[in-house]
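The values are calculated or read from the model by the stated rules, or taken from the named source; none is laboratory data. Just so it is clear, the model here is predicted, and its values are computed rather than measured. Every residue, glycine among them, receives a Cβ derived from its backbone with ideal geometry; neighbour counts consider all protein chains shown. Accessible surface is based on the protein model in full, side chains and every heavy atom, while ligands, DNA and RNA are left aside. Shrake-Rupley method; radii C 1.70, N 1.55, O 1.52, S 1.80 Å.
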Amino acid sequence: MQKWVEMSSVLSSSGTSTQSILGEKIRSKTARVGVVGLGYVGLPLAVEYAEAGFHVTGIDLSESKTARVNAGDSYVGDVPSAVMAPLVKSGKLRATTDFSQIRDLDTINICVPTPLRKTKDPDMSYIVAACQEIEKYFHPGLLIILESTTYPGTTDELVLPMLEKSGLKVGHDFFLCFSPERVDPGNAKFQTKNIPKVVGGVTPACTELGKLFYSQALEKVVPVTSTRVAEMVKLLENTFRMINIGLVNEIAIMCDGMGIDVWEVIEAAATKPFGFMPFYPGPGLGGHCIPIDPYYLSWKTKQSGIEARFIELAGQINGQMPHFVVEKVQNALNDHSKPVKGSKIHIYGVSYKRDIDDVRESPALDIIHLLGKRGAKVSYSDPYVPEIRLEDNTLLAQDGGAVEAADCVVIVTDHAAFDYKDLVKRAKLIVDTRNALKGVQSDKIVRL
Ligand SMILES: NC(=O)c1ccc[n+]([C@@H]2O[C@H](COP(=O)([O-])OP(=O)(O)OC[C@H]3O[C@@H](n4cnc5c(N)ncnc54)[C@H](O)[C@@H]3O)[C@@H](O)[C@H]2O)c1
């Protein structure tokens, strides 16, 4: 470590600062870019930088993921293998499980998971583990950018002290930023490249380099004055979404009680050209962001004695939705003189949203669990998800035959690839939680 400190002061005394050397490397695209965590966020980012002309090294704990990257075989829906494979072949992109490669890197984006513990407290273990590896191979001239969604203060309070153990000085010898990842898997219009990138550094020099780094590969960069502002931006965005979905889910429950079609209400309200933004009800929240991130905020504010009441309430309402769907299924079956117990129920779509393969936190898993507890025989189909692991067993996706065999089909995820006309022809009874059968009139259909 002493050697690095000396090296850094040599750079400074020669009149060329670490910042300007790194800045020049970034501008000339000779900076060696590293991405730690090659999942839904990290892999698209790594590919974007390789496409922009940088040499990119992806580092992940998973040998199967790194092997697939090196074989040019993408496992992330938004990254076509046809785009990734030539980058691997040309040597612009490679992946490894070997953290010692950090020695040769100039920049590192950290894109590891930030789940919740069972107690709904932030689980920082992935960020800490990644930083511990970075610490081992830390050297002057590195730009580190944390992208994992987290509570305000993480970069300053958790990451910075770990990196400063090296004796190197932030904003002088190395640079540290937070930049929230806003990727929306499955969104064909907005992807890593054209989603504006917010970045805030620990010091103005850090922000400057973070801005320079992102502007080499992404269309628009939005610098903010601190890492805390950047961390809070992401939590505002996701909390806004979670609460509005909670509101519209409650409105859906109200409309159901009053016999009003909530979908028609939203469609008409959305014609207002100002002051209204439509959100849609559904079977519950899913994914690695919306059901989780707001709890990072409520956990943090609780430490200052501030209660995040909207978050708690929206969490309760959204968490109730799988139960509401199961009640709907039960009532629909009862109307056809069938009990749930012993009925065959087929779940149509299990990923947490349309046209992607991600089942993390998917409400489909809760619905399957609740129906199973009531004695139903549950099957599912999903073109993106060949199998799902439940607590006590594994279900395999079924083909079209399961629709005919089912007493009730529940549309949980409205994948575009499903043939809804055919479904209406073949199913005996359908509970549609997504308005996938909009405009279709049939006694078989029960809507949320
Ligand atoms: N998925 C999304 O839509 C999305 C959108 C915006 C922000 N985010 C945030 O981005 C972060 C990453 O999410 P994701 O969906 O890409 O997760 P992911 O699970 O798809 O990918 C994370 C990757 O990190 C790897 N990993 C775990 N620990 C590691 C370590 N110590 N060192 C190296 N690699 C490690 C895992 O093997 C995995 O490949 C999270 O904080 C999430 O909240 C996700």
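Of note:
- Candidate set from segment 369-395 (those that are among the β-branched types (Val, Ile, Thr) and within 24 Å of Tyr75 (Cβ to Cβ)); member that is farthest from the chain's Cα centre (by Cα): Thr394
- Within segment 241-268, residues that are in contact (Cβ under 8 Å) with a residue 24 or more places away in the chain sit with their Cβ atoms under 9 Å from residues that are surrounded by fewer than 19 Cβ atoms within 10 Å (Cβ to Cβ) and of a type in the set (Ser, Thr, Tyr), at 6+ positions apart or across chains, in these pairs: Ile245/Tyr280; Val248/Tyr280; Ala252/Tyr280; Val262/Tyr280; Trp263/Tyr280.
- Filter result for the condition that a residue is in contact with a strand residue (DSSP E or B) (Cβ under 9 Å, 6 or more places away or on another chain) and over 19 Å from Ile26 (Cβ atoms), over Val47, Val128, Val79, Val112: Val112
- Selection of strands (runs of 3 or more DSSP E) fully inside segment 78-148 by the criterion of at least 2 residues being touching a Pro at 6+ places or on another chain (Cβ under 7 Å), within 12 Å of the ligand (Cβ to nearest atom) and not small (Gly, Ala, Ser) returns nothing.
- Residue count for segment 332-358, restricted to those that are touching a residue at least 40 places away in the same chain (Cβ under 8 Å), on the phi < 0 side of the Ramachandran plot and not in a strand (DSSP E or B): 13.
- Lone qualifier among Ser351, Ser379, Ser343 - being open to solvent by less than 80 Å² (accessible area, probe 1.4 Å) and either basic (Lys, Arg) or under 22 Å from Gly319 (Cβ atoms) (or both): Ser351
- Hits in segment 369-388 - residues which are in contact (Cβ under 8 Å) with a residue 24 or more places away in the chain and either part of a loop (DSSP other than H, G, I, E, B) or touching a Phe, Trp or Tyr at 6+ places or on another chain (Cβ under 9 Å) (or both): Arg374, Gly375, Ala376, Tyr380, Ser381, Asp382, Pro383, Tyr384, Val385, Ile388
- So Lys272, is it within 16 Å of the ligand (Cβ to nearest atom) and either in contact with a helix residue (DSSP H, G or I) (Cβ under 8 Å, 6 or more places away or on another chain) or among the basic types (Lys, Arg) (or both): no
- Failed item, numbered, when Lys193 is tested on (1) within 12 Å of the ligand (Cβ to nearest atom); (2) open to solvent by 50 Å² or more (accessible area, probe 1.4 Å): (1)
- Flag for Val5 being open to solvent by less than 60 Å² (accessible area, probe 1.4 Å), at pLDDT 95 or above and closer than 20 Å to Ser100 by Cα: no
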